[in-house]
Amino acid sequence: MKLEAEFVTSAFALEDCPHWRRAEVALAGRSNVGKSSLLNALTGIKGLARTSKTPGRTQSINLFAIGDSLALADLPGYGYAKMPQAVAQRIASSMSDYLEHRSNLAALVLLIDSRRAPGREELELAHAIRARGLTLIVAATKCDKLKRSERARAIAAFAPLETPPILCSTLDGEGIEELRRRILALA
């Protein structure tokens with residue numbers, strides 16, 4: 001399925017974000033967890049969001065209009081990335097401002113590699129989103145790399161988030177339609 005989607009802008013600070021009435025759904029997670037790839041899979045438009053194997057390529061909040069009433073925000077990753085400390089601090093500050101103060105923000109899709117348990121950052125982010133009264137959706141990415149025998153244990157590792165994960169793979173499409181339906185229901 002292909003969505004009507006287009007890139008709108010890259011925001012380096014909260015005040016750079018568009019002034020519109022669209023509900024925004026942010027994609028957040030560690031560097032190289034697959035945020036941009038997932039955005040491309042959700043919209044069905046290859047190359048809409050730029051992807052890279054190098055951690056830290058996304059350094060701004062990239063906003064994409066979806067239809068008439070929704071937008072997706074591709075956020076910079078957190079965790080490992082080679083960049084100057086000042087750049088990392090600017091990115092962290094803009095992300096924090098966006099997640100704490102953006103009035104259009106309706107939900108957060110928290111992406112976590114399905115082969116790893118949620119860490120302190122993911123748990124804190126989930127808590128902050130719930131504290132704002134926003135919807136939290138958990139996407140366990142790269143599930144195609146799990147063996148069948150590893151799936152139950154992987155899902156159980158997500159229990160501290162108190163939100164069952166949607167197992168997703170941008171390679172074989174698993175979970176993409178379910179995640180798309182959950183996001184589109186927020187418009």
Within the set of pairs 6+ apart or on separate chains, which have a first residue in region 160-180 that is free of Cβ contacts under 8 Å to residues at least 60 places away in the same chain, a second that is of a type in the set (D, E, K, R) and part of a loop (DSSP other than H, G, I, E, B), and C-beta atoms under 7 Å apart?
Leu167/Glu174; Ser169/Lys142
Take Ala187 and decide whether it is closer than 23 Å to Glu4 by Cα, modelled with pLDDT of 95 or more, not in a helix (DSSP H, G or I) and not polar (S, T, N, Q).
no
Please indicate, with yes or no, whether at least one residue in region 132-141 is under 10 Å from Ser114 (Cβ atoms), crowded, with 18+ Cβ neighbours inside 10 Å and not polar (S, T, N, Q).
yes
If you go through region 29-47 one residue at a time, do you hit one that is in a strand (DSSP E or B), of a type outside the set (Phe, Trp, Tyr) and surrounded by 13 or more Cβ atoms within 10 Å (Cβ to Cβ)?
yes
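The values are calculated or read from the model by the stated rules, or taken from the named source; none is laboratory data. Just so it is clear, the structure is predicted and the values come from calculations on it, not from any experiment. Quick reminder, even Gly has a Cβ in these numbers, built from the backbone with ideal geometry, and neighbours come from all protein chains shown.
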